[in-house]
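Chemist: Here it is, the structure, as structure tokens.
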Amino acid sequence: MHFVGIDLAWGEKAPTGLAVVDADGALVHLSAQTTDETIATALAEFPGPCLVAIDAPLVVRNPTGNRPAEAALNKDFARFDAGAHPANTGKPEFADTPRGARLAKVLGLDINPASGRDRRAIEVYPHPATVALFRLGRTLKYKHKPGRSLAELRDALLTLMRHIESLADADPPLKVTGHPAWQDLLARVAAAQRKSDLRRAEDQVDAVLCAYVARYAVAHPELTTTYGDLQNGYIVTPTLPAGHVPAPRPPAVRPDPVQQAVQTYAEQRPAVVRATEGYVDLITGLLDEAGINYLTIAGRTKSVASFAGKAARTLDGAPVYPDPLRQITDQVGVRVITYVLSDVDSVVELLADQLVVLEDRDMGLETANAGRYGYSSRHLLITLGEEAAAEHAELRGRPASVQVRTVLQHAWAEFEHDIRYKGSVPAEHAPDLDRRFTLAAGLLDLADREFSTIQDRLQESMTGRQPEADAADPRISAQDLAAFLAGRFAGTGWSRTEHYEWISGLLLELGVTSLQELGSLLGAVDGARILDRMGYRYPPGAVRRLDDALLDVFGDRYVQLYGNGHRVDALRSRLEKLRA
């Protein structure tokens, strides 16, 4: 005869634990299954007489509340934290025939607890069984619930597994240690790094316990109690030993808010990573659409260790962040690196126009106001408005910390951070190091301004220039187009090289293959009217200015170009503004 334990999931997507014990008490099968079909296939290897102990309701008739069996069991075991959850037909999973009863029918099992047939099934519940079998003062807390840490859950599950292994010397015995699947399960629990790892294991541990309850019920019917009956539902469990009392409940320990916040952040971090990726995509799209030049856009999700360190900060004995999950606002970080200072301002103005800026700090200005040279960067705290949040649900309620700085400011900040935070600076060298960092910051500030002047001079010199066309290539080159637009839209910032190449392709679709043709086309365009209609609160780049002009001239034909297929809705919205 085989004794089967099934820790049955209420749906066929979650894993179900399956264990089989032979007539000598040896574990012969241990696995996780999903559907009734896979359970039946696994058990087909063990034909003949069997008692199957199923951890799931088999009979449910009451429309609300507890079944009589649960009420009776709870009178004995609730004080040990081993009470049963209510099952009733008001719950969707029990509205029709419960899954446990359907599975028993598939397996050809009689679910009458008093049956003497060769193949039968009983409903069991592991928690009261652990109290009765192992004389526990209270149940082991190995099930996931809010506030229980990974370490606590892992230790509790390992304790239960050690109790099960101790049944090798019980009456009747249960021998699990010789089965490779049990050893593998034990190793996986000991090495678990996520709560989900434990949840996948606990189903199989419960299944082994269910199988033993079946064996115990056959070996010691006089020490087994059946709560309830076949008519209204029942639960079979080892009898609560006479005189066994619950252990005193441990005093309530006020949870450490920092530890709770760190634990919650660790669990939520995968969603924060996705939000970071979403913000990078969103900001990249905004800058590309606006034609603003930049070097790189990168995201960084705060590590759990960094979050923990920040959450633990105190000032005069009080926490700096009483509500870490809400007040630590740099969980999502985005960094935009530009070439020149004017592009930093353009990026900030664009983000203020398209998103909601909660905070804007000019760290370079703050340093300068203190009479020093040093760290320079714009620090924004942004979130989404209602309209944008509707389009980007994964970003709703998650602000992002955005740093915007030039490549030279970035070089200084990265090197200074690397030296100060990752290196070891002897105290006697600190004053000289500070002086040299200040000198470098001043030189880079001067270099930033010179780069801006160089860009302005180049743009001024390009006014009126007509580069020679390449007769072998019908396209207007990105370099020639950049020079032309710098003269055409004086004072407008440069765009990225690939943006010039992209819009050159659109010009080719329109049949415009020379700067002379483009100049003639734009001659009749009223640039001031377009800017007024578009109502920009940020300086659009050169490519965006040309994009607007082409939209104004060609209208729907421009919208329907192949190269614009990815932004038809956005172009139609802009066209409505131009036509208003």
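Chemist: Is region 212-222 home to any residue that is assigned by the TED database to the domain that holds GLN33, under 30 Å from HIS29 (Cα atoms) and open to solvent by 70 Å² or more (accessible area, probe 1.4 Å)? Steps first, please.
Modeler: Step one: list which residues in region 212-222 are assigned by the TED database to the domain that holds GLN33, which gives 212-222.
Retained after the next criterion (residues that are under 30 Å from HIS29 (Cα atoms)): 212-222.
From the residues that got through so far, the ones that are open to solvent by 70 Å² or more (accessible area, probe 1.4 Å) too are 221-222.
For region 212-222, residues assigned by the TED database to the domain that holds GLN33, under 30 Å from HIS29 (Cα atoms) and open to solvent by 70 Å² or more (accessible area, probe 1.4 Å): present.
Chemist: Do you know which residues across region 304-331 are of a type in the set (S, T, N, Q), in contact with a strand residue (DSSP E or B) (Cβ under 9 Å, 6 or more places away or on another chain) and open to solvent by 30 Å² or more (accessible area, probe 1.4 Å)?
Modeler: THR329
Chemist: Separate question: Can you pull out the residues in region 389-400 that are open to solvent by less than 50 Å² (accessible area, probe 1.4 Å), of a type in the set (A, V, I, L, M, F, W, C) and either touching a Ser or Thr at 6+ places or on another chain (Cβ under 6 Å) or without any contact (Cβ under 8 Å) to a residue 40 or more places away in the chain (or both)? Even if it seems obvious, please write down each step before you answer.
Modeler: First, pick out the residues of region 389-400 that are open to solvent by less than 50 Å² (accessible area, probe 1.4 Å): 389, 392, 395, 399-400.
Then keep just the ones that are of a type in the set (A, V, I, L, M, F, W, C); that gives 389, 395, 400.
ALA389, the sole residue that qualifies.
Chemist: Which number in (1) closer than 21 Å to GLY285 by Cα; (2) modelled with pLDDT under 95 marks the one condition that LEU315 misses?
Modeler: The one condition LEU315 does not meet is (1).
Chemist: Here is a further query. Which one is farthest from LEU286 (Cα to Cα) among residues in region 337-350 that are open to solvent by less than 30 Å² (accessible area, probe 1.4 Å) and in contact with a helix residue (DSSP H, G or I) (Cβ under 7 Å, 6 or more places away or on another chain)? So that I can check it myself, show each step before the final result.
Modeler: As a first pass, look at region 337-350 and keep what is open to solvent by less than 30 Å² (accessible area, probe 1.4 Å): 337-338, 340, 343-344, 346-348, 350.
Narrowing further to those that are in contact with a helix residue (DSSP H, G or I) (Cβ under 7 Å, 6 or more places away or on another chain): 337-338, 340, 347, 350.
Details: ILE337: 15, THR338: 15, VAL340: 19, VAL347: 9, LEU350: 8 Å.
Restricting to residues being open to solvent by less than 30 Å² (accessible area, probe 1.4 Å) and in contact with a helix residue (DSSP H, G or I) (Cβ under 7 Å, 6 or more places away or on another chain), the top hit is VAL340.
Chemist: Going through region 2-36 one residue at a time, which ones are in contact with a helix residue (DSSP H, G or I) (Cβ under 8 Å, 6 or more places away or on another chain) and open to solvent by 40 Å² or more (accessible area, probe 1.4 Å)? Break it down into steps so the answer makes sense when it comes.
Modeler: Going residue by residue through region 2-36, those that are in contact with a helix residue (DSSP H, G or I) (Cβ under 8 Å, 6 or more places away or on another chain) are 3-12, 15-21, 25, 27, 29-33, 36.
Result: TRP10, GLU12, PRO15, ALA32.
Chemist: From ALA78, ALA95, ALA69, grab the single residue that is free of Cβ contacts under 8 Å to residues at least 12 places away in the same chain, under 17 Å from ALA132 (Cβ atoms) and either of a type in the set (D, E, K, R) or assigned by the TED database to the domain that holds PHE46 (or both). Explain how you work it out, then say what you get.
Modeler: Working: ALA95 fails: under 17 Å from ALA132 (Cβ atoms); ALA69 fails: free of Cβ contacts under 8 Å to residues at least 12 places away in the same chain.
From the options ALA78, ALA95, ALA69, the qualifying one is ALA78.
Chemist: Check whether at least one residue in region 173-180 is part of a loop (DSSP other than H, G, I, E, B), hydrophobic (A, V, I, L, M, F, W, C) and at pLDDT 95 or above, and report yes or no.
Modeler: Applying the first criterion (part of a loop (DSSP other than H, G, I, E, B)) to region 173-180 yields 173-174, 176-179.
Narrowing the set further to residues that are hydrophobic (A, V, I, L, M, F, W, C) leaves 174, 176.
Still in the running and at pLDDT 95 or above: 174, 176.
Yes, that holds for at least one residue.
Chemist: Of all residues being in contact with a Gly (Cβ under 8 Å, 6 or more places away or on another chain) and of a type in the set (Val, Ile, Thr) in region 356-382, which is least open to solvent (accessible area, probe 1.4 Å)? Just the residue, please.
Modeler: So the residue we want is THR367.
Chemist: Picking from LEU481, LEU507, LEU531, LEU521, which residue would you name as being more than 24 Å from THR296 (Cβ to Cβ), crowded, with 20+ Cβ neighbours inside 10 Å and either in contact with an Asp or Glu (Cβ under 7 Å, 6 or more places away or on another chain) or of a type outside the set (Phe, Trp, Tyr) (or both)?
Modeler: On the way: LEU481 fails: more than 24 Å from THR296 (Cβ to Cβ); LEU531 fails: crowded, with 20+ Cβ neighbours inside 10 Å; LEU521 fails: crowded, with 20+ Cβ neighbours inside 10 Å.
Result of the check over LEU481, LEU507, LEU531, LEU521: LEU507.
Chemist: Additional query: Mind checking which residues of region 73-96 are within 17 Å of THR224 (Cβ to Cβ), more than 38 Å from the chain's Cα centre (by Cα) and open to solvent by less than 40 Å² (accessible area, probe 1.4 Å)?
Modeler: Of everything in region 73-96, those that are within 17 Å of THR224 (Cβ to Cβ), more than 38 Å from the chain's Cα centre (by Cα) and open to solvent by less than 40 Å² (accessible area, probe 1.4 Å) turn out to be LEU73, PHE77.
Chemist: Follow-up question, since we're still on this one. For the list (1) within 17 Å of THR130 (Cα to Cα); (2) assigned to a helix (DSSP H, G or I), I need the number of the one condition that GLN183 fails.
Modeler: Every listed condition holds for GLN183 apart from (1).
Chemist: Further question: Given the conditions (1) assigned to a loop (DSSP other than H, G, I, E, B); (2) within 26 Å of SER149 (Cα to Cα), and given that TYR294 satisfies all but one, which numbered condition is not satisfied?
Modeler: (2)
Chemist: If VAL334 satisfies all but one of (1) modelled with pLDDT of 95 or more; (2) open to solvent by 40 Å² or more (accessible area, probe 1.4 Å), what's the number of the condition it fails?
Modeler: Result: VAL334 passes all but (2).
Chemist: Looking at ARG200, ARG188, ARG254, can you tell me which residue is more than 23 Å from the chain's Cα centre (by Cα), open to solvent by 60 Å² or more (accessible area, probe 1.4 Å) and closer than 18 Å to TYR142 by Cα?
Modeler: On the way: ARG200 fails: more than 23 Å from the chain's Cα centre (by Cα); ARG254 fails: closer than 18 Å to TYR142 by Cα.
Result: ARG188 is the single residue among ARG200, ARG188, ARG254 that is more than 23 Å from the chain's Cα centre (by Cα), open to solvent by 60 Å² or more (accessible area, probe 1.4 Å) and closer than 18 Å to TYR142 by Cα.
Chemist: Right, another one. Go through region 61-90 and report how many residues are touching a strand residue (DSSP E or B) at 6+ places or on another chain (Cβ under 6 Å) and outside any helix (DSSP H, G or I). Show your work before the answer.
Modeler: Of all residues in region 61-90, those touching a strand residue (DSSP E or B) at 6+ places or on another chain (Cβ under 6 Å) come to 67-69, 72-73.
Those left that are additionally outside any helix (DSSP H, G or I): 67.
Final tally of qualifying residues: 1.
Chemist: List the number of the failed condition for ASN112; all other conditions in (1) polar (S, T, N, Q); (2) over 17 Å from ALA53 (Cβ atoms); (3) open to solvent by 20 Å² or more (accessible area, probe 1.4 Å) hold.
Modeler: Checking ASN112 against (1) polar (S, T, N, Q); (2) over 17 Å from ALA53 (Cβ atoms); (3) open to solvent by 20 Å² or more (accessible area, probe 1.4 Å), the one that fails is (2).
Chemist: Here's another thing I want to ask about it. List, please: which pairs have Cβ atoms under 6 Å, are six or more places apart or on different chains, and start with a residue in region 176-192 that is touching a residue at least 40 places away in the same chain (Cβ under 8 Å) and end with one that is outside any loop (DSSP other than H, G, I, E, B) and aromatic (Phe, Trp, Tyr)?
Modeler: VAL176/TRP182
The values are calculated or read from the model by the stated rules, or taken from the named source; none is laboratory data. Since the model is a prediction, treat every value here as computed from it, not as a measurement. Glycine also receives a Cβ, built like all others from the backbone with ideal geometry; neighbour counts cover every protein chain displayed. Ligands, DNA and RNA are stripped out before the accessible areas are found, and what is left, the full protein with its side chains, is counted by its heavy atoms. Shrake-Rupley method; radii C 1.70, N 1.55, O 1.52, S 1.80 Å.
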